[in-house]
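Remarks on the structure that follows.
The values are calculated or read from the model by the stated rules, or taken from the named source; none is laboratory data. Being a predicted model, the structure only gives us computed values, none of them experimental. Cβ placement follows ideal geometry from the backbone for every residue including glycine, while neighbour counts extend to all protein chains displayed.
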Amino acid sequence: MKGMSIIVKKVSQLIAGIIFLYGIYIVLHGHLTPGGGFAGGAILAGAFILIVLAFGTDIIHLKHDEERASLFEGLGLLAFILLAILGFIIGIKVFFNNYLPKGQLGELVSAGLIPLYNIAVGIEVCAALFTIFLALVIYKEEISK
Amino acid sequence: MEIILSILLIFMIIGAIYALFAKDLLSALISCGIVGYGLVICFLLLRAPDLAIVQVVVETITLIIMVAVVLDSTREDLKERIMIREKESSYINTKYVFNVLTVLVLALFFLFFFNQAIDKLEPFGTHTTRMAEAYIENGARVTGSANLVTGVVFDFRGYDTLGEATILFTAVVGILAILRLRGKT
């Protein structure tokens, strides 16, 4: 897959980091401000897709990226389920039990398990969208060869 | 606000109808974008910023992917289909009349029952379900989350969120299974 012109490359170099930071902010502040795991994960995936579209790589790197992305997707979903199941072991026998202390309302570290759920879902959504994009790009590369 | 919403909805309907009849596939995609981004403004006006963020990002990503697909394949509608349509033009007139009549009858039918049901509804903006009151009053205290939407999504409705994440996972598994040229040896 070929990259784009130097203007696109420079602009995406400048912007991709800011988009990535904004996605992390949306994920981490999901329990305080609008957003959360799904929105932040989609923004993170957008940053990755921007980099791949602007610079372009060869098919070996793309396949390597796809393997890692699908690995992180499985790990994100697994972490989400494990956090939910831990309620069985630690606290009352309830699935999705919020067993951590709640803390002060409105602080960054509060709301018990909800920020951890947000992070797990954010990783899962980001990796899933990026994997779909990479699968489409790899398919196109294989056909054109 | 309802007037602005109605204007936006009319714009979205016009965009969707144009997308159906556009000859150029790229312009059809752009007019599909009217529907998506109009929906973003609707969500913002209805005070649902969580949904608006998700909608604007997902709309942008899908639009990028679909534009890439269209630029790679043929941009124009195929000529052959248009030729066939012209050949069978005598059939199409009766078909069109029948379709339009069916749509009108169904629209009147639904309008009648919608008119009957709308008397029972609460005024615009107030909720009718009893469960919502408990969520709104006790949500912040029980979950400890300042953003009520995240509190409901990850605490009260954890099963729903697990299902959504599983749907995305299943979609990726299906795409990885289908999108390949030959099977793994």
**Asked** Hey, does the range B:96-107 have a residue that's exposed (fewer than 15 other Cβ atoms within 10 Å of the Cβ), away from every other protein chain (no Cβ under 14 Å) and either at pLDDT below 75 or not in a helix (DSSP H, G or I) (or both)?
**Response** no
**Message:** Tell me whether the range A:37-47 contains one or more residues that are surrounded by fewer than 21 Cβ atoms within 10 Å (Cβ to Cβ) and not acidic (Asp, Glu).
**Reply:** no
**Prompt:** Restricting to helices (runs of 4 or more DSSP H) lying wholly in the range A:33-145: which have 3 or more residues that are more than 11 Å from every other protein chain (Cβ to nearest Cβ) and at pLDDT 80 or above?
**Reply:** A:37-55, A:59-89
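So that you can scan it fast, the table gives a plain yes or no per residue for (1) more than 18 Å from A:CYS126 (Cβ to Cβ); (2) touching a Phe, Trp or Tyr at 6+ places or on another chain (Cβ under 8 Å); (3) surrounded by fewer than 14 Cβ atoms within 10 Å (Cβ to Cβ):
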{"residue": "A:SER12", "(1), (2), (3)": "no, yes, no"}
{"residue": "A:ILE49", "(1), (2), (3)": "no, yes, no"}
{"residue": "A:PHE72", "(1), (2), (3)": "no, no, no"}
{"residue": "A:GLN104", "(1), (2), (3)": "yes, no, yes"}
{"residue": "A:GLU107", "(1), (2), (3)": "yes, no, yes"}
**Item:** Matching residues, the range B:18-51, being over 23 Å from A:ILE26 (Cα atoms) and outside any helix (DSSP H, G or I)
**Value:** B:ALA22, B:LYS23, B:ASP24
**Prompt:** Taking the condition more than 13 Å from every other protein chain (Cβ to nearest Cβ), of a type in the set (A, V, I, L, M) and over 14 Å from the mean Cα position of the chain (by Cα), does A:LEU14 pass?
**Reply:** yes
**Asked** Picking from B:ALA140, B:ALA165, which residue would you name as being among the aliphatic types (A, V, I, L, M), under 20 Å from A:LEU28 (Cα atoms), part of a helix (DSSP H, G or I) and at pLDDT below 80?
**Response** B:ALA140
**Message:** Looking at B:ALA132, B:ALA146, can you tell me which residue is facing another protein chain (nearest Cβ under 10 Å) and modelled with pLDDT under 80?
**Reply:** B:ALA146
**Message:** Criterion first (surrounded by fewer than 24 Cβ atoms within 10 Å (Cβ to Cβ) and out of contact with any Phe, Trp or Tyr (no Cβ under 7 Å at 6 or more places or on another chain)) does A:LEU129 satisfy it?
**Reply:** no
**Request:** Name the single residue, out of those in the range B:48-59 being among the β-branched types (Val, Ile, Thr) and within 7 Å of chain A (Cβ to nearest Cβ), that is surrounded by the fewest Cβ atoms within 10 Å (Cβ to Cβ).
**Result:** B:VAL58
